[in-house]
Amino acid sequence: AIVSDDLDSAMRLVRQQLESPDLYPYSEALTEIADGLKALRHVNTTVANIIREHIDKEVVIRVKNRPVSIIPRASAGDRVNALVVPSQADQPQRSATFRVTDLDPIERSRWIGEPDAAEKCLMKLYLHLEAGDRDGARAFAASCGILSDALAEQLRTPAQ
């Protein structure tokens, strides 16, 4: 379901299994999967929150494969308000509000940071899949915790 971007179906299945402990006595594993799915559902808000950590500091985002310097001012949900730093000194700064989803999925993956935890690897894998980069996604599969083996298996074969 993650590979085919059907998080709602995956979450429904996990909830059904959590509600039937006699049939599925793996509540810890199911809870870990549910937590991963929740992280994927909120990946764009997570990226906005990471950008918010840089309020009043100049950072570079990539828009249409071009670097743009901004100074984040505020964020709410998946929206970020920032001052755009002009590329030429004689131009004034201007304010802009954008949705994190306006950024390329690979750029959002970059903002997630180092793949040093299973949840980060899962989010990076998901964003690479959104970008159509199965090879990039495959690189993170082995570090996605409980879902590692299943994701690696799904990504071994070409997209259907």
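We did not get these values from a lab; they are worked out from the coordinates using the rules stated. No experiment lies behind these values; they were computed from the predicted model shown. Because the Cβ atoms are built from the backbone with ideal geometry, glycine has one as well, and the counts that use them run over all protein chains shown.
Between Ser4 and Ala139, how many nm apart are label points set 7 Å from Cα along the C-beta direction?
Distance between the two pseudo-spin positions: 2.8 nm.
Once R0 is set to 41 Å, what does the formula 1/(1 + (r/R0)^6) return for the Cβ-Cβ distance between Ile55 and Arg15, expressed as a FRET efficiency to the nearest 0.05?
0.65
Would you kindly derive the ³J(HN,Hα) couplings of the range 20-28 from the backbone phi angles with the Karplus curve 6.51 cos²θ - 1.76 cosθ + 1.60 (θ = phi - 60°), listing them in order in whole Hz, with x for Gly and Pro?
10, x, 5, 8, 10, x, 10, 4, 5
Looking at the chain as a GNM with Cα springs under 10 Å, which of Thr101, Thr46, Thr31 has the largest mean-square fluctuation?
Thr31
Over the Cα atoms, compute the radius of gyration (one decimal) and Dmax (the largest Cα-Cα distance, rounded to a whole number) for the chain, in Å.
18.3, 69
Please state the shape class of the range 102-145: rounded when a/c is under 1.5, otherwise prolate if a/b exceeds b/c and oblate if not, all from the C-alpha gyration tensor. Could the numbers behind the result be given before it?
Numbers: a/c = 2.40, a/b = 1.30, b/c = 1.85.
Taking the square roots of the gyration eigenvalues as a ≥ b ≥ c, the range 102-145 is oblate.
For Glu28 and Ala76, FRET efficiency with R0 = 45 Å and r from the beta-carbon atoms, rounded to 0.05? Spell out each step's value before the answer.
Working: r = 34 Å, r/R0 = 0.76.
Working from the Cβ atoms, E equals 0.85.
What is the Cα centroid distance between the range 88-160 and the range 29-55, reported in whole angstrom?
12
Per residue of the range 152-157, in order, report the coupling 6.51 cos²θ - 1.76 cosθ + 1.60 (Karplus, θ = phi - 60°) as ³J(HN,Hα) in whole Hz, putting x for Gly and Pro.
4, 5, 4, 8, 5, 9
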